[in-house]
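Undergrad: Right, I'll just put the structure down here and ask away after.
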Amino acid sequence: MYYELLENFWGNFLDPKKRIFAGYLLSAILIAFLWLVFRRNLSGREAVVKIFDRTVLFSRSSFADIKVFFINRVFTFFISPLLITQLVIATAIFNLLISLEWSVSNFGDIVPTPLVIASFTMFVFILDDLTKYIVHRWMHKLPFLWALHKVHHSAQHLTPMTIFRTHPLEGVVFSMRSAFVQGVSISVFFYIFGNKVDLATILGVNIFVFIFNALGSNLRHSHIGIRYWNWLEYILISPAQHHLHHSVASEHYDKNFGATLAIWDWIFGSLHHSVESETLSLGVDDKSDRDPNSLSDLYIKPLATCFRELVKYPIVITNYFARKLSKFRSCALDDSVSIETTNQSTRH
Amino acid sequence: MTKNSSIRSLVCAKLALLSSVTFISTAHAEGHAAATYGPFPVTLKGYDGSKTNSVSYTGQIARHVLHDSLKKLAGKGDGGGNAASLEAEMMAYFGGSDKNKAIIAPADKDGFEIKQETLNEISSGKNLSGKTYKGVINGWPGMMTGPEVIASMIKHAAQTDGGFDPNTGYNYPQLISKFTMGAVSYNQAVNNYLAGKLEADSKPNSKPYKDGKHYTGKEHSWDEAFGYWGAAAHSLGLTAKQNYDIAKMKDVAAADANGDGMVDLKSEYNFGHAYYASAFDKSGKTDYFNTITQAFIDGRMVITDAAGENLTDAARSELKALAAVIGENWEKVIAEAVFKYAGSVYKDIGALKSEMDSGADTSKTFAKYGKHWGELKGFALALQTGKRNLGETAVRLNRLTGFGPVLMNASQVTGMDPDGHYTKDEAISWGEYQMHMLKIQKLMVKEFKVVAQVNDQLENLSALADKLGDSNSAEND
């Protein structure tokens, strides 16, 4: 078990499908170095010291990220087989589509294969990014989900390992989102284009995902606040924009939910341009003196809060309908009174 | 087809096998245990001849040989020059001949010597036409009966060059072979010998099958059904691969049960659907061959146990249960073949589309597509000659397959004129026809619970899912 856990841990650094793949980390370090030297005018040595800032990398927050990673592997081991996979969803949707007896046009025949591959690759990437935005927004807006997502936001220092700082139940939600996106994409494209469908990849990874990761996606969770040009921050989320998303300042609440594209934030009104990251205080503005890196705050408390928020729903719904009913009855009563009054006055 | 339903079907198949084996071993706890189909003793009351083995199914083996030879002949056309003589020759194998015809297939191969060279060495006076399914074949143009369809195919095959007609996409050796296997062997076994002839008033066990014969009515009925199944008598002791290699003439050691250095077609060779069962069983997902062959052996022992008396109701119930196991599994073998070749046609269409896109020569792929389509169509028609009225399933299968494959000029055979010529019309698109193949695969899974699922085209879906990566990721932004 321990061996498997360690293997699993190191495996993340060797798998280009994972965000913390060694190649992506190296490219992030290189980009950070160039940014610090050419934009912040630091010397090479200063830049290296900044990048490998011990107060960040060896912080309690950072160690808690790694602790969560290992504990979550154990949960994943048990939960994972129970989760619905993209293949199950894809097969179910595909079977539904072919049982509808729709007449498929020869659209699939006339579209050249490279165009089909390009369309599929882009479709998966965009749908994946859009649903990440939507689910991430829910995580902040719905109290029972925020109780879970708060674990991620409780990090006071961001490092690439912070992407693993997730409550296991939130992991289940992510998993279902991903399965849905992939299941829909595969089945619909396979239905229309058949075997022409393929994924354009680099090192076995969706080409867009690879580019995103190779261009420093790991800096989103880091202390290097790279900012983009203003216009570009409407299209792509810069690392500094994501740092702002983790800010405790109330004016930064519920901003920049996007994963790769900033377009969704722009469209749905949650975009905030970057500020100097160094001015930001990260984490959750919790007035209590609890330790956000304790196992209790990382696992048990979120679960309890989530449950408490969930059980409110029946009460909220009941109250809602009760209010509606009461309003309806009072309106009906008013009507009957006025009719009666009218009749009486007529009689007089 | 989901993995779950695959597993369910596999478990069902295993349970069916297990329950049948348990059932039989209980019923015959007294001591008979046969690993081979025969020899079984003569039980006919009052028989005073010298025969000691009551097993006889040479007529069925002769029909397998007629079929194999007919298939071989169907590919001998030279484009019209030899049409008349070839048609006559093929009809001699289909309709029977007074002459002692040569065995064209299976014939000697290097290291695989066949004992018999002529049909009369197996059985004389046999034909296929008399035993072909007499109902109307709705899935083939012309509203013809089974024998009429085969005769029509033979006529057209004789006019082709090598059995393939590019104008219709028909590969006659495949069409004739796959349809005949169903219309003759499957139909006769499950519709006749394992059906009506199991009733008390038909071919009683207390009387000879025919006057002068040394086997009883029930013994021979069961033997004939086994003969149509086509498995070698000793095949139960062999692996799926060995049985498969026997039919492929690659494993003489496995075939030559009596060690005389030759393969006796009467008992040492795997014919017909038994061969296909072994092909699917090689995957390890199914056990059709052993399930069916074991049921045949067990049934024969039930009859032998009756010792020449009429079968009791309990014994006949037992036989009917075994006949049901045979029928269900046999039907599945054919459905697996439909599934497999629908997958092949799907792949061929993909290859054809790529070749058309790039302007490459499509002739070889088109011929391969025609061959696979012929196999698909032949098995699809065969499936409809069984005991069960497939109703809506048959209609769907026929409509999805069409009367012919979609051709390179976007046309398709849609019927037959009164003179027996095929008529063609505009075809559905390649994409839609390709989708039909997936629907056929889905239909086979849904209606027949096929398990082996060779050439499962939804595997591409699975491969794509793998490529997209693990959806079970806990990475958080």
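Here, each number is a calculation from the coordinates, and none is a lab measurement. In this text, all values refer to a predicted model and were calculated from it rather than measured experimentally. Neighbour counts run over all protein chains shown; Cβ positions are idealised from the backbone, glycine included.
Undergrad: What about residue B:342, is it among the small types (Gly, Ala, Ser), within 14 Å of chain A (Cβ to nearest Cβ), surrounded by 24 or more Cβ atoms within 10 Å (Cβ to Cβ) and in contact with a helix residue (DSSP H, G or I) (Cβ under 9 Å, 6 or more places away or on another chain)? Before you say what the answer is, go through the steps one by one.
TA: Working: among the small types (Gly, Ala, Ser): yes; within 14 Å of chain A (Cβ to nearest Cβ): yes; surrounded by 24 or more Cβ atoms within 10 Å (Cβ to Cβ): yes; in contact with a helix residue (DSSP H, G or I) (Cβ under 9 Å, 6 or more places away or on another chain): yes.
In short, yes.
Undergrad: Which condition breaks for residue A:147 when tested against (1) more than 10 Å from chain B (Cβ to nearest Cβ); (2) among the aliphatic types (A, V, I, L, M); (3) out of contact with any Cys (no Cβ under 7 Å at 6 or more places or on another chain)?
TA: (3)
Undergrad: If I go through the stretch B:43-77 residue by residue, how many of them are among the small types (Gly, Ala, Ser), within 22 Å of residue B:116 (Cα to Cα) and free of Cβ contacts under 8 Å to residues at least 60 places away in the same chain?
TA: So the answer is 1.
Undergrad: Pairs, please: C-beta under 6 Å, at least 6 apart or cross-chain, first residue within 25 Å of residue A:49 (Cβ to Cβ) and in the stretch A:14-31, second among the polar types (S, T, N, Q) and crowded, with 17+ Cβ neighbours inside 10 Å?
TA: Listed by first residue and then by second, the contacts come to A:20/A:12; A:24/A:213; A:24/A:218; A:25/A:218; A:28/A:218.
Undergrad: When you look at residue A:43, is it in contact with a Gly (Cβ under 9 Å, 6 or more places away or on another chain) and more than 9 Å from chain B (Cβ to nearest Cβ), yes or no?
TA: Working: in contact with a Gly (Cβ under 9 Å, 6 or more places away or on another chain): no; more than 9 Å from chain B (Cβ to nearest Cβ): yes.
For residue A:43, the condition - in contact with a Gly (Cβ under 9 Å, 6 or more places away or on another chain) and more than 9 Å from chain B (Cβ to nearest Cβ) - is not met.
Undergrad: Which condition breaks for residue A:230 when tested against (1) out of contact with any His (no Cβ under 8 Å at 6 or more places or on another chain); (2) closer than 21 Å to residue A:263 by Cβ; (3) not in a helix (DSSP H, G or I)?
TA: (1)
Undergrad: How many of the residues making up the stretch B:213-257 are in contact (Cβ under 8 Å) with a residue 12 or more places away in the chain, of a type in the set (S, T, N, Q) and not in a helix (DSSP H, G or I)?
TA: 1
Undergrad: Something else now. From the list A:94, A:107, exactly one residue is touching a residue at least 12 places away in the same chain (Cβ under 8 Å), buried (at least 16 other Cβ atoms within 10 Å of the Cβ), more than 19 Å from residue A:246 (Cα to Cα) and at the interface with chain B (Cβ under 10 Å from one of its Cβ atoms). Which is it? Lay out the reasoning, then the answer.
TA: Values: A:107 fails: buried (at least 16 other Cβ atoms within 10 Å of the Cβ).
Only one candidate qualifies: A:94.
Undergrad: Which residue is surrounded by the fewest Cβ atoms within 10 Å (Cβ to Cβ), if the candidates are limited to the stretch A:200-240 and must be within 12 Å of chain B (Cβ to nearest Cβ) and among the hydroxyl-bearing types (Ser, Thr, Tyr)?
TA: Ranking the candidates gives A:201 first.
Each row is one residue, and each column tells you yes or no for (1) more than 8 Å from every other protein chain (Cβ to nearest Cβ); (2) touching a Gly at 6+ places or on another chain (Cβ under 9 Å); (3) not in a helix (DSSP H, G or I).
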site: A:161; (1), (2), (3): yes, no, no
site: A:173; (1), (2), (3): yes, no, no
site: A:176; (1), (2), (3): yes, no, no
site: A:186; (1), (2), (3): no, no, no
site: A:190; (1), (2), (3): no, no, no
site: A:198; (1), (2), (3): no, no, yes
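Undergrad: From B:383, B:400, grab the single residue that is within 22 Å of the chain's Cα centre (by Cα), hydrophobic (A, V, I, L, M, F, W, C) and closer than 27 Å to residue B:356 by Cα.
TA: Values: B:383 fails: closer than 27 Å to residue B:356 by Cα.
None of the others qualify; the one that does is B:400.
Undergrad: Which fully enclosed helices (runs of 4 or more DSSP H) of the stretch B:364-477 have 1 or more residues being of a type in the set (A, V, I, L, M), more than 30 Å from residue A:80 (Cα to Cα) and touching a residue at least 60 places away in the same chain (Cβ under 8 Å)? If you could, list the steps in order and put the result at the bottom.
TA: Numbers: elements: B:392-401, B:430-448, B:459-468.
Once the helices (runs of 4 or more DSSP H) in the stretch B:364-477 are filtered for at least 1 residues that are of a type in the set (A, V, I, L, M), more than 30 Å from residue A:80 (Cα to Cα) and touching a residue at least 60 places away in the same chain (Cβ under 8 Å), what remains is B:392-401, B:430-448.
Undergrad: Right, another one. Of the residues that sit in the stretch B:109-168 and are of a type in the set (S, T, N, Q) and not in a loop (DSSP other than H, G, I, E, B), which one is surrounded by the fewest Cβ atoms within 10 Å (Cβ to Cβ)? Let's see the steps before the verdict.
TA: Within the stretch B:109-168, the subset of a type in the set (S, T, N, Q) is B:116, B:118, B:120, B:123-124, B:127, B:129, B:132, B:138, B:145, B:152, B:159-160, B:167-168.
Right, trim to not in a loop (DSSP other than H, G, I, E, B) and you get B:118, B:120, B:129, B:145, B:152.
On the way: B:118: 13, B:120: 15, B:129: 18, B:145: 16, B:152: 17.
Selected residue: B:118.
Undergrad: Still on this structure: Are any of the residues in the stretch B:323-339 part of a helix (DSSP H, G or I), within 13 Å of chain A (Cβ to nearest Cβ) and not aliphatic (A, V, I, L, M)? Give the steps one after another, and end with the answer.
TA: Taking the stretch B:323-339 first, the residues part of a helix (DSSP H, G or I) are B:323-339.
Those left that are additionally within 13 Å of chain A (Cβ to nearest Cβ): none.
There is no residue in the stretch B:323-339 that is part of a helix (DSSP H, G or I), within 13 Å of chain A (Cβ to nearest Cβ) and not aliphatic (A, V, I, L, M).
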